[in-house]
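The values are calculated or read from the model by the stated rules, or taken from the named source; none is laboratory data. Model, not experiment: these values are computed from the prediction. Counting neighbours? That spans all protein chains shown, and the Cβs are built from the backbone with ideal geometry, glycine included. When the accessible area is computed, the model is the full protein with side chains, heavy atoms only, and any ligands, DNA or RNA have been set aside. Shrake-Rupley method; radii C 1.70, N 1.55, O 1.52, S 1.80 Å.
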Amino acid sequence: MKQKLVVVGNGMAPGRALERLFELAPGAFDVTIFNAEPRTNYDRILLSPVLSGEKQYEEIVIHGDAWYEENGLTLHKGKKVTEIGRAAKIVTAEDGTRAAYDKLLIATGSVPFIIPVPGKDLAGVLTYRDLDDVNAMLIAAEQGGHAVVIGGGLLGLEAAAGLKSRGMDVTVVHLMPTLMERQLDAAAGQLLKRELESRGIKVLTSASTREIKSTHPSLGPPRVRAVALDDGNEIKADIVVMAVGIRPNTALASDAGLKTGRGIQVTDRLLTSDPDIYAVGECVEFEGNVYGLVAPLYEQATIIAQELAGKPGNGFVDKALATRLKVTGVDLFSAGDFADGDDREEIVLRDATRGVYRRLVLKDDRIIGAVMFGDTSDSGWFFQMIKDAADIAEMRDSLIFGPAYAGGGQLDPTAAVAALPDEAEICGCNGVCKGRIVSAIAEKGLTSVDDVRAHTKASASCGTCTGLVEQLLALSLGDAYDPAAVKPMCGCTDLGHADVRRLIIAKNIKTIPDLMQELEWKSSSGCAKCRPALNYYLLSTWPGEYVDDSQSRFINERVHANIQKDGTYSVVPRMWGGITSANELRAIADVADKFAIPTVKCTGGQRIDLLGVKKEDLPAVWADLNAAGMVSGHAYGKSLRTVKTCVGTDWCRFGTQDSTGLGVRIEKFMWGSWTPAKVKMAVSGCPRNCAEATCKDVGVICVDSGYEIHFAGAAGLDIKGTEILCHVRTEDDAIEMIAALVQLYREQGHYLERIYKWLKRVGMGSVRAAVVEDDGRRKALFDAFVYSQKFSQSDPWAERATGGKDAHEFAPMADLSRMEAAE
Amino acid sequence: MTMMDNVWIDIGALEDIPRQGARLVKTPMGCLALFRTATDDVFALDDKCPHKGGPLSQGIVHGAAVTCPLHNWVISLETGLAQGADEGEVRTFAVRSEAGRILLEASRLADSKDAA
Ligand code: SRM
Ligand SMILES: Cc1cc2nc3c(=O)[nH]c(=O)nc-3n(C[C@H](O)[C@H](O)[C@H](O)COP(=O)(O)OP(=O)(O)OC[C@H]3O[C@@H](n4cnc5c(N)ncnc54)[C@H](O)[C@@H]3O)c2cc1C
Ligand code: SF4
Ligand code: FES
């Protein structure tokens, strides 16, 4: 019989341990996981980008529901274990759910420390630990107002920056004289303070909180109103975030009689004082140390997996750690030990104009600590030397300038990386060594940092090692690796599409000129590549608010018709789901006669194209088509094109559902929406698939039990069958699912990136996690789509045919053609 | 230089052309495209791309250049020359804006053979 493994807590540490366990000993255990949080495993480190708006929750999910299913795990979401019965080897959760174990893994993480001041339990006092905390902050931030963050460490500052970018007035209250004093020396702490203040965050250091004050009881249920300091000052507060530190979460273990100190005490094999119980993560104490960064926890996870698989390797050792603050635009790095001491020397570089500060702490010709502010590009190289205890005597004079200059002769920045052995660890968070990255680059043909992230996880967590990964790419690919050539949107910027989308939200940018100013565009007014992309990003990010810039649209979208090689236009009216009528056909025929339109053609999208229309005739042509009830088919737009259908149950002897009706419904619901690239759909009434739904951007295959939702097909420049997203029972469910999917694509897609390319970039796990597995997120996406449709569902033809919009487009400015010849 | 050099015709108001946009002027020798940049400079060019005759007036205007709508050649509004790797040239015409009006120099409009 299989052994039973029970895991308490479902954070980053056990998630990694299980991944490794399944690699080493697939199927060896029946695994049951209890998680107090009501969700699957996600990357806690990346909560800060979610708070600031730079990432969505589903982008930080590590394992979606599908992973648990595929690996046969039982996950009890939202069930907190309250008792470990060590004699009977059974754990019991709050709601009475029980599970018996042969081996138990405790991974309860940490709990935020709450300073015991009056008012600490008031409504509006939050901590910063999990997604619920982030959601609570986001709800508060929607009202605007004042936030006070108590604690100027990593978590507190990330919370402060996030709340600031969400529009709150933020004050940080920190007990010590300088910020992040555990990771930074006083000089760097001071620079950091100035940087945050320049972003409008107020910072009070040497400030001790005396009390959190409540609103007056007559104003309804009491909640926070202000934070009172020891010096008598009072700071207005609508929310208070306490981020003063964390404590290993040991209650469950100590109740069960396991040995605990600051944390649950473990051996270098991560074994507790009970030989059948392991512990991993922030809840453990090893040789007197407790942990608050993910790198050592991932190492522990690997050791646990080896132990459980019966393939023990090296034991756990305590190592130097690196910290980086994840606030966009603030470059800060710290590693090792940088306290002053008689046996230590230091090398300092200050460049006040560039705001750069670097300090290395040396002992016996070895670097033991490094602090960098303003330019952290060489941090990976210094960190590696700390870990290796490399002798720097030879290059001491130029050491501080980084690998490009160190040692005089060594001008090639990749030389240091080239010299690393294959076992050298590149990504501390994910424990990925150089050899693994280099072989993945070669075997899988990887060409970008994103590729390396997807295949090896290196640089996928905190990002500190991105520079090293880039150097490995440069080393492996030589000239073929040109990070600048793949990334930027166009020649007007060094930023890529993803960065621009992120910064639009993070910096609350609402017009193209502001964007070019803020993001330091290199050209005065962009180019024909970036402007349409920016226009789309702003339009889809701020529906109802952003004013469309028609001069930044390609001509087809500007005049709502397709330009032809001779400068005439084509006109394609909608035929909902491919259905037409005698009346519509008559109107099309009349229009063709009246305006002498040379070609009338059936398109590949189940409708009719009128080709060769003169530009000045367009409004009149549209007026006649409008009069017969027809509207623009957006055959010209990065938008919903057609929804092809087959006849379905209406006529077909094999039809299982009303495919025509559903297609018409989808098209009427979704037309007019702007998307990163064109979106084509189809609904087939049975798996014979006469509407060719399995090569569309989104396709539906009707079956007896409901609807299979497909997406990410391609049949143009590339040919690719669709992927199945999910199966639903009703038409309404299908529509909700499809709209949520398209909305997610609208929010994440890069301009001109079709759905299948987007999927390839973001991965099926993240799409399913958002659209299928998370009911709340799906509903929110659906609502966001419905909201944006309020502003896009008016017929652009009618606006121009009879509404007079853009009249300047369709008439010459002056007619000098009858001017007398000048001679 | 001919005696017609100083014939400036009032074509319309600057406002009639959208910023970073273009309008057409019909002339006996074909259509001219009248461009207005983000900084309100005006330029007049043949509405004919040197590549395959695409209507430049329908392109996207950026800086002092326009990208042809058919195959994305970029044409300088100042010189009429194709930018980057492409080679070709469009005729340009003298035009100026004064007190919100656009004045076009008309001496060459009637003679289609008078290439610069
Ligand atoms: C009219 C039509 C051909 C026809 O006579 O049937 C057509 C005509 C054009 N297609 Fe198409 N495509 C037409 C169906 C298709 C299909 C088939 C389909 O939709 O079922 C495909 C393959 C599926 C797909 O979308 O990938 C198709 C794949 C393309 C592509 C390749 C897109 C890709 O990402 O791989 C382009 C180029 C592009 O978009 O950059 C393109 C571009 C074009 C353009 C817009 C070229 C251009 O930029 O000027 C043509 C415009 C002609 C006009 O003025 O109407 N057309 N085109 C079809 C109009 C469908 C409609 O009712 O809206
Ligand atoms: C905002 C933020 C930013 C961070 N940034 C960084 C960074 O940049 N770099 C870095 O290295 N680290 C960072 N960290 C720290 C890192 O996230 C943690 O070290 C890591 O997540 C700890 O993993 P864990 O598995 O030990 O615990 P956790 O991820 O905390 O997981 C513990 C889980 O166990 C559950 N649980 C607890 N008790 C029970 C019970 N009795 N029954 C069932 N379930 C229970 C909890 O609900 C929780 O889900 C950050 C942390 C936060 C909060
Ligand atoms: S396949 Fe499409 S893009 Fe190519 S010529 Fe035909 S209509 Fe034009
Ligand atoms: S016609 Fe202008 S680029 Fe081809």
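Conditions (1) open to solvent by 50 Å² or more (accessible area, probe 1.4 Å); (2) within 23 Å of A:LYS80 (Cα to Cα); (3) acidic (Asp, Glu); (4) at pLDDT 95 or above, marked per residue:
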residue	(1), (2), (3), (4)
A:GLY232	yes, no, no, no
A:VAL241	no, no, no, yes
A:LEU252	no, yes, no, yes
A:LEU258	no, yes, no, yes
A:ILE264	no, yes, no, yes
A:SER273	yes, yes, no, yes
A:GLU282	no, yes, yes, yes
A:GLU285	no, yes, yes, yes
A:GLY288	no, no, no, no
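Could you please let me know if A:GLY431 is more than 22 Å from A:ASP331 (Cα to Cα), modelled with pLDDT under 90 and open to solvent by 50 Å² or more (accessible area, probe 1.4 Å)?
no
If I go through the range A:548-597 residue by residue, how many of them are more than 16 Å from ligand 4 (Cβ to nearest atom), among the acidic types (Asp, Glu), free of Cβ contacts under 8 Å to residues at least 60 places away in the same chain and within 14 Å of another protein chain (Cβ to nearest Cβ)?
2
So, in the range A:641-658, how many residues would count as being more than 16 Å from ligand 1 (Cβ to nearest atom) and of a type outside the set (Asp, Glu)?
Result for the range A:641-658: 10.
Yes or no: the range A:194-208 includes at least one residue that is under 35 Å from the mean Cα position of the chain (by Cα), at pLDDT below 95, of a type in the set (S, T, N, Q) and farther than 18 Å from A:GLY153 by Cβ.
Yes, the range A:194-208 has at least one match.
Per-residue answers, yes or no, for (1) within 14 Å of another protein chain (Cβ to nearest Cβ); (2) touching a Pro at 6+ places or on another chain (Cβ under 6 Å); (3) polar (S, T, N, Q):
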site: A:GLU753; (1), (2), (3): no, yes, no
site: A:LYS757; (1), (2), (3): no, no, no
site: A:MET764; (1), (2), (3): no, no, no
site: A:ALA769; (1), (2), (3): no, no, no
site: A:VAL772; (1), (2), (3): no, no, no
site: A:THR802; (1), (2), (3): no, no, yes
site: A:PHE810; (1), (2), (3): yes, yes, no
site: A:ARG818; (1), (2), (3): yes, no, no
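If you scan the range A:190-220, which residues turn out to be in a helix (DSSP H, G or I) and farther than 24 Å from A:VAL356 by Cα?
Passing the criteria: A:PRO217, A:SER218, A:LEU219.
Let me spell it out: the conditions are (1) within 16 Å of ligand 1 (Cβ to nearest atom); (2) open to solvent by less than 50 Å² (accessible area, probe 1.4 Å); (3) part of a helix (DSSP H, G or I), and A:ALA769 meets all of them except one. Which number is the exception?
That leaves (1) as the condition not met.
Restricting to the range B:72-92, name every residue that is open to solvent by 90 Å² or more (accessible area, probe 1.4 Å) and within 13 Å of ligand 4 (Cβ to nearest atom).
B:ASN72, B:ALA85, B:GLU87, B:GLU89
What is the number of the single condition among (1) in a loop (DSSP other than H, G, I, E, B); (2) open to solvent by less than 10 Å² (accessible area, probe 1.4 Å) that A:ILE304 does not meet?
Among (1) in a loop (DSSP other than H, G, I, E, B); (2) open to solvent by less than 10 Å² (accessible area, probe 1.4 Å), A:ILE304 violates only (1).
Return the residue satisfying two criteria in turn: it lies in the range B:15-55 and is assigned to a loop (DSSP other than H, G, I, E, B) and among the small types (Gly, Ala, Ser), and of such residues it is nearest to the other protein chains (Cβ to nearest Cβ). Spell out how you get there, then give the answer.
Here is the first cut: in the range B:15-55, the residues assigned to a loop (DSSP other than H, G, I, E, B) are B:17-20, B:28-29, B:37-41, B:47-55.
Adding the requirement that they be among the small types (Gly, Ala, Ser) leaves B:38, B:53-54.
On the way: B:ALA38: 5, B:GLY53: 8, B:GLY54: 7 Å.
For the range B:15-55, the residue satisfying everything is B:ALA38.
Quick check: anything in the range B:58-69 farther than 18 Å from A:SER552 by Cβ and within 16 Å of ligand 4 (Cβ to nearest atom)?
no
So which of A:VAL613, A:VAL647, A:VAL600 ends up being within 23 Å of A:PHE669 (Cβ to Cβ) and either more than 16 Å from ligand 4 (Cβ to nearest atom) or open to solvent by less than 30 Å² (accessible area, probe 1.4 Å) (or both)?
A:VAL647 is the lone residue from the list that is within 23 Å of A:PHE669 (Cβ to Cβ) and either more than 16 Å from ligand 4 (Cβ to nearest atom) or open to solvent by less than 30 Å² (accessible area, probe 1.4 Å) (or both).
For the range A:32-43, check the following and say yes or no: at least one residue is among the hydroxyl-bearing types (Ser, Thr, Tyr), in contact (Cβ under 8 Å) with a residue 24 or more places away in the chain and surrounded by 24 or more Cβ atoms within 10 Å (Cβ to Cβ).
Yes.
Could you run through the range A:210-230 and say how many residues are in contact (Cβ under 8 Å) with a residue 24 or more places away in the chain and either among the charged types (D, E, K, R) or open to solvent by 20 Å² or more (accessible area, probe 1.4 Å) (or both)?
Looking only at that region, the number is 7.
Does A:PHE791 qualify as being surrounded by fewer than 17 Cβ atoms within 10 Å (Cβ to Cβ) and either in contact (Cβ under 8 Å) with a residue 24 or more places away in the chain or within 10 Å of chain B (Cβ to nearest Cβ) (or both)?
yes
Residues that are within 30 Å of A:TYR745 (Cβ to Cβ) and in contact with a helix residue (DSSP H, G or I) (Cβ under 9 Å, 6 or more places away or on another chain): find the helices (runs of 4 or more DSSP H) completely inside the range A:561-678 holding 1 or more of those.
Working: elements: A:582-594, A:618-627, A:648-651, A:659-670.
Output list reads A:618-627, A:648-651, A:659-670.
To keep it simple, each residue is scored yes or no on (1) within 16 Å of ligand 1 (Cβ to nearest atom); (2) farther than 21 Å from B:GLN83 by Cα.
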site	(1), (2)
B:ILE17	no, yes
B:GLN20	no, no
B:LYS26	no, yes
B:THR37	no, no
B:VAL42	no, no
B:ASP46	no, no
B:LYS52	yes, no
B:VAL61	no, no
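Would you say B:ALA65 is open to solvent by less than 30 Å² (accessible area, probe 1.4 Å), at the interface with chain A (Cβ under 9 Å from one of its Cβ atoms) and touching a residue at least 12 places away in the same chain (Cβ under 8 Å)?
yes
Under 6 Å by Cβ, and 6 or more places apart or on different chains, what pairs join a residue from the range A:81-108 that is more than 14 Å from every other protein chain (Cβ to nearest Cβ) and within 19 Å of A:VAL284 (Cα to Cα) with one that is open to solvent by 50 Å² or more (accessible area, probe 1.4 Å) and more than 16 Å from ligand 1 (Cβ to nearest atom)?
If the second residue must be open to solvent by 50 Å² or more (accessible area, probe 1.4 Å) and more than 16 Å from ligand 1 (Cβ to nearest atom), the pairs left are A:THR82/A:GLU94.
Only one residue in A:GLU23, A:GLU58, A:GLU54 is under 20 Å from A:VAL771 (Cα atoms), open to solvent by 20 Å² or more (accessible area, probe 1.4 Å) and not hydrophobic (A, V, I, L, M, F, W, C), so which one is that?
On inspection, the qualifying residue turns out to be A:GLU54.
Please state which one of A:THR328, A:THR353 is part of a loop (DSSP other than H, G, I, E, B) and in contact with a Leu (Cβ under 9 Å, 6 or more places away or on another chain). Even if it seems obvious, please write down each step before you answer.
Numbers: A:THR353 fails: in contact with a Leu (Cβ under 9 Å, 6 or more places away or on another chain).
Selected residue: A:THR328, the only one of A:THR328, A:THR353 that is part of a loop (DSSP other than H, G, I, E, B) and in contact with a Leu (Cβ under 9 Å, 6 or more places away or on another chain).
Based on this model, can you work out whether B:ALA44 counts as in contact (Cβ under 8 Å) with a residue 24 or more places away in the chain, surrounded by fewer than 16 Cβ atoms within 10 Å (Cβ to Cβ) and at negative phi? If you could, list the steps in order and put the result at the bottom.
Numbers: in contact (Cβ under 8 Å) with a residue 24 or more places away in the chain: yes; surrounded by fewer than 16 Cβ atoms within 10 Å (Cβ to Cβ): no; at negative phi: yes.
No: the conditions fail for B:ALA44.
Looking at the range A:520-547, which of its residues are more than 10 Å from chain B (Cβ to nearest Cβ) and touching a helix residue (DSSP H, G or I) at 6+ places or on another chain (Cβ under 6 Å)?
Initial filter on the range A:520-547 (more than 10 Å from chain B (Cβ to nearest Cβ)): A:520-522, A:533-547.
The answer is A:LEU534, A:ASN535, A:TYR537, A:SER540, A:THR541, A:PRO543, A:TYR546.
Under the condition of being hydrophobic (A, V, I, L, M, F, W, C) and without any contact (Cβ under 8 Å) to a residue 40 or more places away in the chain, which residue from the range A:650-681 is least open to solvent (accessible area, probe 1.4 Å)?
The residue in question is A:CYS652.
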